[in-house]
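For reference, the structure discussed in these notes is given below.
The values are calculated or read from the model by the stated rules, or taken from the named source; none is laboratory data. Quick caveat, the model's predicted, so the values are computed rather than measured. Don't worry about glycine lacking a Cβ; one is built from the backbone with ideal geometry, like all the others, and counts go over all protein chains shown. Remember, those area values only see protein heavy atoms, side chains included, never the ligands or the DNA or RNA. Shrake-Rupley method; radii C 1.70, N 1.55, O 1.52, S 1.80 Å.
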Amino acid sequence: MKKIAILGSTGSIGQSTLDIVQSNPDKFCVSALVAGGNIKLLAKQIKKFNPQLVCVKNRKLAVELRNTFSAKIKIFYGQEGAQEAAASTDAQIVVSAISGAAGLMPTLAAVKAGKDIALANKETMVIAGGVVNRLAEEKNIKILPVDSEHSAIFQCLEGQASIPWRIILTASGGPFYKLSKKDLKTVKPAQALKHPNWKMGKKITVDSATMMNKGLEVIEAKWLFKVAFDRIEVVVHPQSIVHSMVEFIDGSILAQMGIPDMRTPIAYALNYPQRLPNKLPRLNLTRRKNLEFCKPDMSKFSCLKLAYEAGLAGGTNPAVLNAANEVAVAAFLDRKIAFTDIAKIIGKILSMHDAIADPSIEEILAADGWARERTQIIIERNKS
């Protein structure tokens, strides 16, 4: 019986993880649940999975939960509570699925505590990949990718004696890859949230529409698989059937394929190295008319270009890129800025940043805070 802590239990990855736990009660149980403000859903999860420890966004929600549940369950709140949940229970693996940079410190706490990580929070590696890798090696723990693309690469590399010559990250292209650059200026939040293939949270869905999500994945892949940026290529694959590919020195390419459902990579990470059976629909290639691949238009989707540039520059640049993006996406969803303003604002913030080449965690967090503050100032000035 493998014990699991889930950081971000009420999000889409968290709910999918609990679906796998429920379907495999002989293999998994839940030690800790960390959530934000969706206390109604969290309460249902507590009743069903009986964790030892729970963490919520703030003290008010924690008090509300304490009035509902017995003293047998430890209830924490805030960033410190999330770190406690990640590190202090008897969980053997921690699912890191908190959205955005907020997932960094709880994930680091889990690594320091010697827990294996099922990593869905790509921002952890984007912001502090070097720090995380050093700690993981020191603690001798596994970082098992949950993103469908990185799980695909991980699976393609299993059992390989050769290092990858090239990584090919596939991107759905989101809802707008066929739109003209001019038409992107009038895109509304409701349109950006209609992803053609995947059901995800709002922020990551917008990131898919701008292709920033793929840019963040490029940086994540660099740290996870120790491949240089010029060996990581992005191709648009609208069908989301080929989840990613690896090319080797002899020109051979291995691809991992399947239906677009996050429960498959989550289950592989949870039960690694064995696979779990499931009741998901099977991929039938004879019913697929075609599988398309094309180059992304970086002049139209400049967030992808910015991510490559920030990754190559290194240091605190990726943290600034990510922070500016989080604030800009929130502003777009609140209708404060246009869709095309997201990339413009991120580019401006990066141009203002005085980067630190080999930052500590404290310096990374300081750069994150600086970028958020500057981005908010620019957004407010644009409004006025």
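Before moving on, here are some points about what is shown:
- Strands (runs of 3 or more DSSP E) contained entirely in region 97-187, each with at least 3 residues that are of a type in the set (A, V, I, L, M, F, W, C) and modelled with pLDDT of 95 or more: 116-119, 166-171
- Residue, most open to solvent (accessible area, probe 1.4 Å), within region 17-42, restricted to residues that are small (Gly, Ala, Ser) and under 19 Å from ALA85 (Cβ atoms): GLY37
- Pairing residues of region 321-337 that are closer than 11 Å to THR375 by Cα with residues that are assigned to a loop (DSSP other than H, G, I, E, B), at Cβ distances under 7 Å and at least 6 apart in sequence or on separate chains, gives ALA328/ILE337; ALA331/ILE337.
- Positions within region 24-37 being in a loop (DSSP other than H, G, I, E, B) and at pLDDT 95 or above, in sequence order: ASN24, PRO25, ASP26, LYS27, ALA35
- Hey, ALA267 within 21 Å of SER244 (Cβ to Cβ) and surrounded by 22 or more Cβ atoms within 10 Å (Cβ to Cβ) or not: yes
- If you go through region 345-384 and keep only what is at pLDDT below 95 and surrounded by 13 or more Cβ atoms within 10 Å (Cβ to Cβ), you end up with just ASN382.
- Test: residue in region 271-282 that is of a type in the set (A, V, I, L, M), in a helix (DSSP H, G or I), in contact (Cβ under 8 Å) with a residue 12 or more places away in the chain and open to solvent by 20 Å² or more (accessible area, probe 1.4 Å): no
- Evaluating LYS202 against the criteria (1) over 26 Å from ALA267 (Cβ atoms); (2) open to solvent by 50 Å² or more (accessible area, probe 1.4 Å) leaves one unmet condition, (1).
- Flag if ILE127 is open to solvent by less than 30 Å² (accessible area, probe 1.4 Å), of a type in the set (A, V, I, L, M) and under 30 Å from GLN191 (Cβ atoms): yes
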